[in-house]
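Chemist: Take a look at this one; I'll ask things after.
All of the numbers you see were taken from the coordinates with simple rules; none came from a lab. The structure displayed is predicted, hence computed values, not measured ones. All Cβ positions, even for glycine, are placed from backbone atoms using ideal geometry, and neighbour counts span all protein chains on display.
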Amino acid sequence: YYYIGQHPAFAFFTAVPFGMTAQEINNWIYHMGGNELMDETHEEFGMKAFLAGNTGTQAGGWFRKEINSAADFEGLKYRMPGLGGKVISKMGASSITMAGGEIFQALQSGAVDGAEWIGPASDESLGLQEAAPIYYTAGFHEPGAALEMSINLDKWDSLSENHKKAVEIACAESNAWTYSLYLANNGAALERLIAGGTRALAFPDSVWDAFGAGALEVFEENMSDDLFKRCYDSFRASMSATSGWMSRAESAYTAQRDRVLGG
């Protein structure tokens, strides 16, 4: 999504607000038409791209003060790139884009009022818990941030079929391994953050509603672009088809498991 200035459709291949979880984006890219659109989007810029990782659902981020209503975003300077940044701009915030290594100093000094990075393990490694006391643990902006490996298209075309298959397999392995690594580390990291004094909170429903309204505006503003619209339509169709079963099976199962066994 750092390349949405080149074309907004790039966002679909990392994360969009209220978009897909890690498994849902895998389903779209591998089995439900996403790979063809990924190729089309990248070929315009001379690239061939593959899924090569995923962070899973990212956190809402670090704040100095609680967010109790959408009005609390008014005038807020917040580090959030991508289409998510455009959403909070709709809510009156200033969207700031900066590299991960710059976040701690900016947050500590007050250059920004809040910042999101990735999730508990990655955020802890940057020491963000020392710069702000409040951590919102689920964000709307990157529900399953895909990481990609890109290759110069001419170089890709010059590879043998065996070498191409090796790259595809390596990227698929990296995709699965990276996602599991984030899941393995985030739970324990969150426990350490809370034990150290971090206040882990959830955004109120009214704030989620404002995020949703802003997201719909951002999507609508880009619908005049044919490629963006085709990506959006395919993305939403795949997400709907996948989530219908997941909500009745996996989500229902984990809810019952937590109820029966106590989380």
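Chemist: May I ask what percent, to the nearest 5, of DSSP beta bridges between residues of the chain are antiparallel?
Modeler: Bridges in the chain that DSSP calls antiparallel: roughly 60 percent.
Chemist: Here is the link list: Lys65/Lys86; Lys65/Lys90; Lys86/Lys155; Lys48/Lys77; Lys48/Lys86; Lys90/Lys229. Which ones come out longer than 29 Å on Cα distance?
Modeler: From Lys65/Lys86; Lys65/Lys90; Lys86/Lys155; Lys48/Lys77; Lys48/Lys86; Lys90/Lys229, over 29 Å: Lys86/Lys155; Lys48/Lys77.
Chemist: For the ranges 19-25, 61-67, what's the packing order if you count other beta-carbon atoms within 10 Å of each residue, average per peptide, and put the highest first?
Modeler: Descending mean neighbour count gives 19-25, 61-67.
Chemist: If you don't mind, another one. What residues qualify as long-range amide H neighbours of Ile96, i.e. H under 5 Å apart, gap of 5 or more or another chain, H built at 1.01 Å from N?
Modeler: Excluding prolines and chain starts, which carry no amide H, the hits are Tyr78, Arg79, Met80.
Chemist: Another one. Between Glu148 and residues 5 or more places away or on another chain, which pairs have amide H atoms under 5 Å apart, with H built 1.01 Å from N, and which residues are they?
Modeler: Placed amide hydrogens put Ala52 under 5 Å from Glu148.
Chemist: Another question, if that's okay. With a 10 Å radius around each residue's Cβ, average the other Cβ atoms per peptide and rank 153-159, 30-36, highest first.
Modeler: Ranking, from highest mean packing down: 30-36, 153-159.
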